[in-house]
1. Are there any strands (runs of 3 or more DSSP E) wholly within segment B:746-859 with 2 or more residues that are more than 60 Å from the chain's Cα centre (by Cα), over 18 Å from B:Leu890 (Cβ atoms) and assigned by TED's automatic domain parsing to the domain that holds B:Pro900, and if so which?
2. Look at B:Arg726 and say whether it is more than 27 Å from B:Pro781 (Cα to Cα) and buried (at least 19 other Cβ atoms within 10 Å of the Cβ).
3. Counting only residues that are within 14 Å of chain A (Cβ to nearest Cβ) and of a type in the set (Gly, Ala, Ser), which one in segment B:56-102 is farthest from B:Leu291 (Cα to Cα)?
4. Can you tell me which of B:Leu14, B:Leu4 is without any contact (Cβ under 8 Å) to a residue 24 or more places away in the chain and part of a helix (DSSP H, G or I)?
5. Regarding segment B:509-529, can at least one residue be identified that is of a type in the set (Ser, Thr, Tyr) and not in a helix (DSSP H, G or I)?
6. Among the residues of segment A:18-34, which ones are more than 8 Å from every other protein chain (Cβ to nearest Cβ) and free of Cβ contacts under 8 Å to residues at least 24 places away in the same chain?
7. Between a residue in segment B:880-904 that is within 17 Å of B:Trp747 (Cβ to Cβ) and without any contact (Cβ under 8 Å) to a residue 24 or more places away in the chain and any residue that is hydrophobic (A, V, I, L, M, F, W, C) and crowded, with 20+ Cβ neighbours inside 10 Å, which pairs come within a Cβ distance under 8 Å, given they are 6 or more apart or on different chains?
8. Having 1 or more residues that are more than 9 Å from chain A (Cβ to nearest Cβ) and surrounded by fewer than 20 Cβ atoms within 10 Å (Cβ to Cβ) is the bar; report the helices (runs of 4 or more DSSP H) wholly within segment B:207-307 that clear it.
Amino acid sequence: MSEPRLARLLALALVALVLLNFPMLAVIDRLALGGLPLLPFYLFLAWGAVIAIAAWSIERADGE
Amino acid sequence: MGSLASAAVLVSLLYLALLFAIASWGDRRAEAGRSVIANPYVYTLSLAVYCTAWTYFGSVGVAAAQGVGFLPVYLGPTLLAFLFLGVVRKILVITKAYGITSIADFASARYGKSGTVAGLVTIVALVGSIPYISLQLKAVATGIELLIGHEGGRAVLPGIGADTALIVALVLAVFSILFGTRHIDATEHHQGMVLAIAFESIVKLVCFLAVGVFVTWTLFGGPFDLLARAEEAGLTERLAFEGTRLGAADWFVLTLLSGLAALLLPRQFQVVVIENLDIRHLERASWLFPLYLFVINLFVLPIAFGGLLLGGDVREADSFVLALPLVHGQGWLAILAFLGGLSAATAMVIVETVAVSTMISNDLVMPILLRVRALGLAEKPDLTRLILGVRRAGIVLAILGGYLFFHGVGEAMGLVSIGYIAFAGVAQFAPLLLLGITWKGANRNGAVAGLLAGFALWLYTLVLPSFVTAGVLPTSLVTEGPFGFDLLRPTALFGLEGLNPVAHCAIWSLAVNTGLLVLVSLSTRASDLERLQAILFVDVEESRRTPRLWRGEAKVGALEELLVRFLGRPAAEAIWRAEEARRGRPLAPDEPADAGLVERAERQLARAIGAASARAVVASTVRGETIGPDALMEILDETQKVLEYSRRLEQKSQELEAATAELRRANERLRELDRLKDDFLATVSHELRTPLTSIRSFSEILLDNPELDEAERAHFLRIITSESERLTRLINDVLDLSKIESGRMHWQVGLADLGELVAAAIRAGEGIFAEKGVALEVAIPAEATPVVCDRDRIVQVVLNLLSNACKFVPSPGGRVRVELRRRGGVFEVRVEDNGPGVPPAHREAVFEKFHQLTGDLNTQKPTGTGLGLTISRQIVERFGGRIWVEDSSLGGAALCFTLPVAEEVGALAA
């Protein structure tokens, strides 16, 4: 795997670390739809997005 | 036993048989060279062995009580998959380069092929695996009991009299033995096993999703209905962060711990690293594996909340996956759900026990047995059976340990709590592994110290409290600390409170582990082998290109025998054929094995029995094996020789440059001399032609005019004669000069009286003086004037000076004065005249060849050859004297020369 791709994934991992950790979670935790906390939806959404971006990044690079 | 339970058992047995069939098929394909697992998809599915009964049953249990608190376990591997891709790739490269067989083998090889490190890692891995295996036993046993209990059966199988967990343990042990230790192979890839667990990953995913879909859309009207009902019941508060009952630090630490576990758990290391067939598979797997985790977790919350809404007890939530279909009369779905759990559990147990038992045999038992000389194992002809036996015993030990842990502690704990114990345990490998491949300074002492301390803290802060929870140990230990020492409370060590016990343990143990590893490494000395291995691991890409460092003597036959004993004859012979093919010639048993052969043999052995064992057995065969100080010095010498050689080359090239410059200078001098010679020849020819021309013209006049009178004829003839004489003189002078200059002059050296010589010269020249009417004054002292010289040549010099003086004095009225006197250590002869003198600018030039003053000074035809003074200088200098021109007291020039006084008259005279 080329170094730029490794670097891209590393950057993505750091972004994911911020998205899926504190203090980001504390911010999201304040959001609620009526009595329904949005935290679980956010977690799955952010998680899925990170995986999708990683997939795109890795598979796109395959064509290079 | 009810019909449902019977069906479940029957289906389970069929399922296990199917697994066998799949594994055998995978193995056969691998042997045929048409691997079915060599693609990133099977690789990803094999990584999903990460999802065990913990995920399958336990996540729902956590979700029911703590909302999203189950997620860090899956977020961790996702993050680490991206973050550590480079690290994992490096570990893979190292593993493939050095034939690593397990995580213990990896650590041992890195730290100087140390048996201590290998054994310690094995023990930690074994101890860490036991709770985890017990978790699987508990899940399967609970599942079976649930199936039986639902139909009013008892928790004890009829006719056997043992509890369910023991039965499950025994079945799993037999299954794992049959599965994992069918044969010992040189490559240590278990392709059939990998294929089987990949299949299991599909089964558990499909089963779990099936239950999830059933709960969401059959028991409820879809996810929104489920949510609305949960909100009504006031359950959604649990979905906020507060509901997780975790702090910010807990969340972070659990994420980190899970990420590490996805690589460091023995079974994870086995599938991620050891069973990997192609490093390139890692790339696609790095997003496919997180995707698998994502998908399998989608229905965790719906199942958990569905179960709660339908009246399930939070404490029983671990069994919701199975219980929900069961209580709603979906018998086949319940069996499917049980099958999924079984597949998750069996996959974990198979891979874990294969990994751990390989470590036990390769890194713990065999090295010890091989060292015990009394057993004489090193001489046994076939050790493959022994190795397999040890591995089987290892499997039984791990599973039985799991059963005992379950019996003693596990019954009282949730699935996930048990799993976390294992996570924190294997996390202790992280410092020595991650630092080991990035920092050359990490050494064996540091690794052992860090691992021991981390292990001890893990036991104290996490395992010990679990015994308290189980009621085996008194509660006061946790609440008040041992012997009442408040600071030493296991779950709040040194007052660190407010953390989840797992996070608390991880923080303490990893901090101390890492700290000790670094500190001890910095303050102790590593052995040569350790330092070498450190370089081989940290700079793996560079190191693979450099040749081996083995030294020693071993016969080819002895090595082959070694391979036969450990790998079996077919495998050993295959290796030997490959070796011969690579050399292009057969290997004779009694020829000495070279370093490359020894190294490859050791590597092949290491694949089967681990680096530490391979080292031990090869060392027993290869005498004088070392990479000790001597060998290192040799390598150093080699390097220095190369350096020296290059230095010499540089020096040579400098010398060459100098020589070239010298040659160039010499060449320039030669050219200059050549030019001088040409000039000289040109001048000489010119000088020769002048008299020749006059001789020829006068001869022609005489020939053409026979009527010329006698007086005129005589005049012409005189001219011809004098010109001929001049020609003769010139030729003599040229010959003399060339003789002197080339050093071929024959000198008649002897003692002479300079006064006599001067007098002789004056006598010879009297004629010309008289002819021109020149007044000659002579002042020669009466005493002896001894000099060492060639008499005739000195006379020639004086005569030359006299004739020169005579040439330039006016006629009549010319005066010449010859004087000889002693001046210190020399005699000086002065010939003065009252001629025009020589201007100071020309005083040196007169000694050059063919320099004729006459041409400038008067119109009279020159009579000299232009070589007289040049020859005189050569002669005088030959005898240590000096010759020069200065002003004369008579008004003209004074030509002077000196000769050293001959001191040792007596000696020379004798």
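The values are calculated or read from the model by the stated rules, or taken from the named source; none is laboratory data. Bear in mind the structure is a predicted one, so any value in this text is a computation, not a measurement. With ideal geometry, Cβ positions are generated from the backbone for all residues, glycine too; neighbour counts draw on all protein chains shown.
1. Working: elements: B:749-753, B:775-779, B:786-790, B:815-823, B:826-833.
Of the strands (runs of 3 or more DSSP E) lying wholly inside segment B:746-859, those with at least 2 residues that are more than 60 Å from the chain's Cα centre (by Cα), over 18 Å from B:Leu890 (Cβ atoms) and assigned by TED's automatic domain parsing to the domain that holds B:Pro900 span B:749-753, B:786-790, B:815-823, B:826-833.
2. yes
3. B:Ala64
4. B:Leu14
5. Pass one, segment B:509-529, residues of a type in the set (Ser, Thr, Tyr): B:509, B:514, B:521, B:523-524, B:527.
Narrowing the set further to residues that are not in a helix (DSSP H, G or I) leaves B:524, B:527.
Yes.
6. Step one: list which residues in segment A:18-34 are more than 8 Å from every other protein chain (Cβ to nearest Cβ), which gives A:18-19, A:24, A:27-28, A:30-31, A:33.
Listed by number, the residues that qualify are A:Val18, A:Met24, A:Val27, A:Ile28, A:Arg30, A:Leu31, A:Leu33.
7. B:Gly880/B:Leu899
8. In segment B:207-307, B:223-232, B:281-297 are the helices (runs of 4 or more DSSP H) which contain 1 or more residues that are more than 9 Å from chain A (Cβ to nearest Cβ) and surrounded by fewer than 20 Cβ atoms within 10 Å (Cβ to Cβ).
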